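Read through the structure below, which is laid out as structure tokens, and then see the notes.
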Amino acid sequence: MGSLLIRNAKAIVTLDTEDRVLEQANILIEDNRIVKMGKDLYEADQVIDASQMFVYPGLINVHHHLYQTFTRNLPQVQRLELFDWLRYLYEIWKGITPDAVYHSSLTGIADLMKNGCTTVFDHHYVFPQQNSAHFIDKQFEAAERFGIRFVASRGSMTLGKDQGGLPPMSVVQDIDTILADSERLIDLYHDAGVGSMRQVVLAPCSPFSVSADIMLESAKLARSKGVRLHTHLAETKNEEAYTLERFGMRPLAYMESLGWLGPDVWYAHGIHFNDDEMKQLAHTKTGIAHCPISNMKLSSGIARVPEMLAMGIPVGLAVDGSASNDGSNLLEELRVSYLLHRLQSSSQAPTGYDLLKVATRGGAEILGRSDIGSLEIGKTADLFMVRVDQIDAVGTLTDPKSWLGTVGLKRPVDYTIANGKVVVENGRLVGADEEKLARECQSSFERFIQQ
């Protein structure tokens, strides 16, 4: 891959353990690693003048549903809460096709990359009976086209309407099919090595759409293969009422009964935990994907993130599905999270820099990665850069660490570098005709939505 020098950066927010900010400093990247940082000037094959830029570690998105980029901004669901919202949209999602999976993934990944994201975890769990055998393969294909670091999940649903669940029976699968495909995907794609660009997680959808058996068997398979576990949990009060009625337990107690606690597990949302459950999460180092915009749109509630961070519960930041967000911009999520918790928790709220840590180091911990999440010698070269000599940045440059939370960015980043390779330059995707790409994805959307 050669070498790349980021020269004379105005500020490098390292997110290292000492919270260092390097001013007028350089980063030398060789192949996909950071090999030198500091004031010394180094020779390189490619040089980027960063004298008017802030440099940050690449953002890590720890919960998404990329297929939902094709069901954004639908007027029929804009006043609904989660269960009714799902019931309506499942009737559309049950028609998802390989073409739609591929192009919706391209759409969401492009949005993430143009806004500083270098690692994407996606939770795909909708598998219609026809033509869904290679959905996850299509997602890896889309990620490779753009050069993003991609963590896929083999999601699943086993409880349809006829068995007391929410999804249509046409997207419910049997355990043997799910486990066989889970093992296939792990064996084919999962790379546990340093700098890995492809990993797999097992992720049954939620307590109200899967059976206990698939939760137990997924955990057994995941731990035998050394991969992580993920599901939705404690998102709404309706979910809490469902698990109490069906299992006689609150959601977290139900997860505990299935062996779904520990540092290899993280939950999406985690809003409705009581004090004892918070202590249990902290003790077991079970993680949470914080999805503030989705939680606001669906009126689900506000996760207790200030307390989680104070207690040492692993927390990462996420956009959640595009149908409950209408975008895939983790920088927007960061600023909204900062403002939401200021409103809710006043002086106890996390700072803008605290939430940048959640979106970087926190995400790396959630995914079990020590090679990403900060800018340090020896780490994989995942970062993004923002010009701050623009009119929208005038008068804001005092605190580069908090800048993304307090001021925020309302335009694409100038550069995104993933695995040592420039993938966004001057705010545009490298190696892609964005106008042609938009037409390609819009055509796919129209094929899907009109079927």
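The values are calculated or read from the model by the stated rules, or taken from the named source; none is laboratory data. Just so it is clear, the model here is predicted, and its values are computed rather than measured. Here the Cβ is made from the backbone with ideal geometry for all residues, glycine too, and neighbour counts use every protein chain on show. Heads up: the accessible areas ignore ligands, DNA and RNA and are worked out on the full protein's heavy atoms, side chains in. Shrake-Rupley method; radii C 1.70, N 1.55, O 1.52, S 1.80 Å.
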Worksheet entry | Among (1) in a loop (DSSP other than H, G, I, E, B); (2) touching a residue at least 60 places away in the same chain (Cβ under 8 Å) - the single one residue 404 does not satisfy | (1)
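I'd like to know if the range 305-313 contains one or more residues that are in contact with a Phe, Trp or Tyr (Cβ under 8 Å, 6 or more places away or on another chain), crowded, with 23+ Cβ neighbours inside 10 Å and not charged (D, E, K, R). Walk me through it before giving the result.
Here is the first cut: in the range 305-313, the ones in contact with a Phe, Trp or Tyr (Cβ under 8 Å, 6 or more places away or on another chain) are none.
No, that holds for no residue.
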Worksheet item: Can you name the residue in the range 355-379 that is in contact with a Ser or Thr (Cβ under 9 Å, 6 or more places away or on another chain) and of a type in the set (Ser, Thr, Tyr) and is also surrounded by the fewest Cβ atoms within 10 Å (Cβ to Cβ) among such residues?
Response: 374
Practice prompt. Mind listing whichever residues of the range 216-264 are over 25 Å from the mean Cα position of the chain (by Cα) and of a type in the set (S, T, N, Q)?
Written response: 243, 257
Worksheet item: Looking at the range 377-401, which of the residues that are touching a strand residue (DSSP E or B) at 6+ places or on another chain (Cβ under 6 Å) and part of a loop (DSSP other than H, G, I, E, B) is nearest to residue 61 (Cα to Cα)?
Response: 382
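When you go through 413, 422 one by one, which is the residue that is of a type in the set (A, V, I, L, M, F, W, C), surrounded by 20 or more Cβ atoms within 10 Å (Cβ to Cβ) and within 20 Å of residue 57 (Cα to Cα)? Explain how you work it out, then say what you get.
Numbers: 422 fails: surrounded by 20 or more Cβ atoms within 10 Å (Cβ to Cβ).
Criteria check complete, one pass: 413.
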Practice prompt. Hey, could you check the range 192-213 for residues that are in a loop (DSSP other than H, G, I, E, B) and of a type in the set (A, V, I, L, M, F, W, C) and say which is nearest to residue 119 (Cα to Cα)?
Written response: 197
Discussion item. Can you find, within the range 432-451, the residue that is most open to solvent (accessible area, probe 1.4 Å) among those that are assigned to a loop (DSSP other than H, G, I, E, B) and either in contact with a Phe, Trp or Tyr (Cβ under 7 Å, 6 or more places away or on another chain) or free of Cβ contacts under 8 Å to residues at least 12 places away in the same chain (or both)?
Written reply: 450
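Just to be sure before I move on: is residue 221 of a type outside the set (Val, Ile, Thr) and touching a helix residue (DSSP H, G or I) at 6+ places or on another chain (Cβ under 8 Å) in the structure I sent? Full working, then the answer.
Working: of a type outside the set (Val, Ile, Thr): yes; touching a helix residue (DSSP H, G or I) at 6+ places or on another chain (Cβ under 8 Å): yes.
Considered against the rule, which asks whether it is of a type outside the set (Val, Ile, Thr) and touching a helix residue (DSSP H, G or I) at 6+ places or on another chain (Cβ under 8 Å), residue 221 comes out as yes.
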Worksheet item: Out of 28, 15, which single residue is among the aliphatic types (A, V, I, L, M) and not in a strand (DSSP E or B)?
Response: 15
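Here is a list: 349, 310, 289. Which entry is at pLDDT 95 or above and within 25 Å of residue 106 (Cα to Cα)? Can you show your working first?
Working: 349 fails: within 25 Å of residue 106 (Cα to Cα); 310 fails: within 25 Å of residue 106 (Cα to Cα).
One residue alone meets the criteria, 289.
Residue under question is residue 234, and the condition is that it be buried (at least 19 other Cβ atoms within 10 Å of the Cβ), touching a His at 6+ places or on another chain (Cβ under 8 Å) and on the phi > 0 side of the Ramachandran plot; does it hold? Quick ask: steps written out before the conclusion?
Numbers: buried (at least 19 other Cβ atoms within 10 Å of the Cβ): yes; touching a His at 6+ places or on another chain (Cβ under 8 Å): yes; on the phi > 0 side of the Ramachandran plot: yes.
Taking the combined requirement at face value, the residue satisfies it.
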Worksheet item: Within the bounds of the range 77-94, is there any residue that is under 30 Å from residue 433 (Cβ atoms), assigned to a helix (DSSP H, G or I) and modelled with pLDDT of 95 or more?
Response: yes
Discussion item. Just to verify a result, which residue in the range 146-163, among those that are out of contact with any helix residue (DSSP H, G or I) (no Cβ under 7 Å at 6 or more places or on another chain) and over 19 Å from residue 68 (Cα atoms), is most open to solvent (accessible area, probe 1.4 Å)?
Written reply: 163
Worksheet entry | Leading residue by the ranking (farthest from residue 194 (Cα to Cα)) among those in the range 134-173 that are in contact with a His (Cβ under 9 Å, 6 or more places away or on another chain) and in a strand (DSSP E or B) | 155
Worksheet item: Given (1) of a type outside the set (Phe, Trp, Tyr); (2) open to solvent by 10 Å² or more (accessible area, probe 1.4 Å); (3) over 29 Å from residue 92 (Cβ atoms), where does residue 196 come up short, assuming only one miss?
Response: (2)
